[in-house]
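Below: the structure, in structure tokens.
The values are calculated or read from the model by the stated rules, or taken from the named source; none is laboratory data. Everything numeric here is computed off the predicted structure, so don't read it as measured data. Neighbour counts run over all protein chains shown; Cβ positions are idealised from the backbone, glycine included. Calculation scope for accessible area: heavy atoms of the full protein, side chains included, ligands and nucleic acids excluded. Shrake-Rupley method; radii C 1.70, N 1.55, O 1.52, S 1.80 Å.
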Amino acid sequence: MSATVLPAHADVGGPAQPLLSVRGLVKHFPLKQAPWQRRGGTAVRAVDGVDFEVLKGETLGVVGESGCGKSTTARLVMQLLAQDRGELVFDGLTVGSHRLSLREFRRQAQMVFQDSYSSLNPRMTIEDSVAFAPTVHGVPRAQAVTAARELLERVGLQPQRFAGRYPHELSGGQRQRVNIARALALRPRLVILDEAVSALDKSVEAQVLNLLLDLKAAFGLTYLFISHDLNVVQYISDRVMVMYLGEVVELGPVQAVFHRPMHPYTQALLRSMPSMDPAQRTEAAPLAGDPPNPIDPPPGCRFHTRCAHARAICRQQAPELRRHGPHAVRCLIHQPESGYAASEALT
Amino acid sequence: MAYSRASAAVHAPQPAAVERSPGYWSNVWRRLRRDPVAMAAGSLILLLILMAVLAPWITPADPFHASMLRRLRPIGTPGYPLGSDELGRDLLSRLMLGARLSLFMGITPVIAAFVLGSALGVIAGYAGGMANTVIMRTVDVFYAFPSVLLAIALSGTLGAGIFNALVSLTIVFVPQIARVAESVTTQVRRSDYVDAARASGARSWTIVRVHVLSNVLGPIFVYATSLISVSMILASGLSFLGLGVRPPEPEWGLMLNTLRTAIYTQPWVAALPGVMIFVTSISFNLLSDGLRSAMEVKE
């Protein structure tokens, strides 16, 4: 198909080993405060103990409201931010250890950003942007440019027309294709798509989604697909992870999560999906208000302030993410020993 | 295998030519060419530079030849088209030769400060955190003084002379350029394309060289060109005070000083060096403005 500029990476741990394991990831952004104020305490708890695995060859969708920590998680996985606690294990090797340096990890994991314009250097031609990463890893420039043109062709942009252009001369959809080509230039195994199609028109979005599916099959990729658009996530994902206030509240196969959601938050999110059936339409918002402030999350279950099923116990006891077969949920309703059934309802 | 690959490379059909868009700077140049004011200012500057370079060969008279009998002749005196100065030297010739030192003293400190200030500002802006605080707060200490005062104080401390004047003017401009460089770099550093470059495993130095400099040098350069006029005026000021160029070397600021006693007898002659300073510095400012608007178009 194309000249292999960088060698493909060997599968280290076999197909059963998760491509990426995220363990206990924590990122708090301390708030600026004057030196005489007391230290500690005030921080935005953007990501607060996140565990998940991305299996080889799957697409893991991540959904949640804005501010729930989706994008911070993406940046932590890409190590654009340093985590406070927790570790990333890529195909059995800890990222940043002597066996898998950060630089080597970044050859195998790449990211596509939401803003197609600001993620391309305005002073660089398209082909130079795509060729940059391989040259960083020692590919001669001429070869990298040739490979970049092939990749542009592969993502649906004629190199003759587009390779010598600058980002401002392209449409949003075309630019996002360039960003995808740029992410693929290092022949990564994991691609993180952070709201990669969210800013596009619906028709263009569908084309780019199909391109992503096509590329995934062609290059044997694994996707971590972050979006607030439930329809898109349902379309592209194999498994779905639902986040709320820096925590994973539900994680499971896409069919299970979308058809038998277990967490009240997921249920509410799904009810907020616009329905094509007029009989299903509701005027009432399934979720009232904004999420609580992540600086000072509510005690107990973080969702209890907005939960239709909240009971007194939910204010005191924080649920853990518990597995029910392939499906995992963080809710006291599904923890029989929690005393939820006996607790009285919150008014 | 090796043979077949080599022959494939030789006989591979040439790919169709890639259409190229004009680069950013050729677009800037295209827009600048359509700006009559900037082009006029630019031409005038070129003319002045040409005059300065060729001055030793094209001056109508010897700029150092004094004549006690022909002091302070008015403009239009035969043999003295622009009059003569307080020592009877031909003013036109001295103004032409003076362009050399005046332009040199105006441009050199800005170039030096452009290099040093950009380096400091880009490092501070890209590194952020502690390095930023240390660099920028140090720079702020210098920035806190009015530039005229700082230039005079530094020059006075270092001692009179062209080189010391250049050094002190450079020190005056480094903080100003560093501040601009830091703020543009901080902006660029937060952009997604820098994150994407980091995610590709590139080292900081490579990212700065390839991605940051290409986006910050333009705005810093425009700011620096606007400093040339200030630098010329400050340099003239230093010479006026006897801290820069020494007599009998012609320099516009120094000439303004030595002619000032003639302001009541030959006001037009006495004002001429000032007119030269004014025309030159305003030309640099107009060119800088034109450059700024030519570069401002979003792309």
- Query: Among the residues of region B:67-76, how many are free of Cβ contacts under 8 Å to residues at least 24 places away in the same chain and surrounded by fewer than 16 Cβ atoms within 10 Å (Cβ to Cβ)?
  - Reply: 4
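Every residue, every condition in (1) closer than 15 Å to residue A:185 by Cα; (2) more than 9 Å from every other protein chain (Cβ to nearest Cβ); (3) modelled with pLDDT of 90 or more, yes or no:
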| position | (1), (2), (3) |
| --- | --- |
| A:75 | no, no, yes |
| A:93 | no, yes, no |
| A:96 | no, yes, no |
| A:109 | yes, no, yes |
| A:112 | yes, no, yes |
| A:126 | yes, yes, yes |
| A:138 | yes, yes, no |
| A:145 | yes, yes, yes |
- Look at residue B:116 and say whether it is under 27 Å from residue B:243 (Cβ atoms), open to solvent by 50 Å² or more (accessible area, probe 1.4 Å) and touching a residue at least 12 places away in the same chain (Cβ under 8 Å). yes
- Message: For region B:175-185, check the following and say yes or no: at least one residue is under 30 Å from residue A:80 (Cβ atoms), under 25 Å from the mean Cα position of the chain (by Cα), within 14 Å of chain A (Cβ to nearest Cβ) and of a type in the set (A, V, I, L, M, F, W, C).
- Response: yes
- Query: Going by the conditions given, is residue A:219 under 26 Å from residue A:12 (Cα atoms), open to solvent by 10 Å² or more (accessible area, probe 1.4 Å) and of a type in the set (Phe, Trp, Tyr)?
  - Reply: yes
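Residue-wise test of (1) surrounded by 10 or more Cβ atoms within 10 Å (Cβ to Cβ); (2) at pLDDT 85 or above; (3) not in a loop (DSSP other than H, G, I, E, B).
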site: B:6; (1), (2), (3): yes, no, yes
site: B:10; (1), (2), (3): no, no, yes
site: B:22; (1), (2), (3): yes, no, no
site: B:25; (1), (2), (3): yes, no, yes
site: B:30; (1), (2), (3): yes, yes, yes
site: B:38; (1), (2), (3): yes, yes, yes
site: B:52; (1), (2), (3): yes, no, yes
- Message: Quick check on residue A:200: is it surrounded by fewer than 22 Cβ atoms within 10 Å (Cβ to Cβ) and part of a loop (DSSP other than H, G, I, E, B)?
- Response: yes
- Query: Is one or more of the residues making up region B:272-294 of a type in the set (Val, Ile, Thr), under 26 Å from residue B:175 (Cβ atoms), crowded, with 20+ Cβ neighbours inside 10 Å and modelled with pLDDT of 85 or more?
  - Reply: yes
- Listed residues A:178, A:208; which is touching a residue at least 24 places away in the same chain (Cβ under 8 Å) and away from chain B (no Cβ under 12 Å)? A:208
- Which members of region A:88-139 meet the condition of being aromatic (Phe, Trp, Tyr) and more than 17 Å from residue A:196 (Cβ to Cβ)? A:90, A:105, A:132
- Item | Residue under evaluation residue A:68, criteria (1) over 24 Å from residue B:215 (Cα atoms); (2) buried (at least 19 other Cβ atoms within 10 Å of the Cβ); (3) modelled with pLDDT of 90 or more, criterion not met | (3)
- Of all residues in region B:156-188, which are of a type outside the set (A, V, I, L, M, F, W, C), modelled with pLDDT of 90 or more and open to solvent by 50 Å² or more (accessible area, probe 1.4 Å)? B:179, B:183, B:187
- Item | Within region A:98-107, considering residues that are within 7 Å of chain B (Cβ to nearest Cβ) and out of contact with any His (no Cβ under 7 Å at 6 or more places or on another chain), the one surrounded by the fewest Cβ atoms within 10 Å (Cβ to Cβ) | A:103
- Task: Would you be able to tell me the number of residues in region B:193-230 that are open to solvent by 50 Å² or more (accessible area, probe 1.4 Å), modelled with pLDDT of 90 or more and of a type in the set (Val, Ile, Thr)?
- Result: 0
- Task: Give the residue, chosen from A:117, A:166, that is aromatic (Phe, Trp, Tyr), out of contact with any helix residue (DSSP H, G or I) (no Cβ under 7 Å at 6 or more places or on another chain), within 14 Å of chain B (Cβ to nearest Cβ) and in contact (Cβ under 8 Å) with a residue 40 or more places away in the chain.
- Result: A:166
- Query: Only one of B:235, B:197, B:262 is assigned to a helix (DSSP H, G or I) and closer than 30 Å to residue A:131 by Cβ; which?
  - Reply: B:197
- Task: Name every residue in region B:125-152 that is surrounded by 14 or more Cβ atoms within 10 Å (Cβ to Cβ), in contact (Cβ under 8 Å) with a residue 12 or more places away in the chain and under 24 Å from residue B:233 (Cβ atoms), in order of residue number.
- Result: B:139, B:142, B:143, B:147, B:148, B:150, B:151, B:152
- Query: Do you know which of the residues in region B:231-271 that are among the aromatic types (Phe, Trp, Tyr) and without any contact (Cβ under 8 Å) to a residue 24 or more places away in the chain is least open to solvent (accessible area, probe 1.4 Å)?
  - Reply: B:240
- Query: Are any residues in region B:40-51 free of Cβ contacts under 8 Å to residues at least 60 places away in the same chain and either of a type outside the set (Gly, Ala, Ser) or in contact with a Phe, Trp or Tyr (Cβ under 8 Å, 6 or more places away or on another chain) (or both), and if so, which ones?
  - Reply: B:46, B:47, B:49, B:50, B:51
- Quick one: is residue A:208 of a type outside the set (D, E, K, R), assigned to a strand (DSSP E or B), open to solvent by less than 10 Å² (accessible area, probe 1.4 Å) and over 30 Å from residue A:303 (Cα atoms)? no
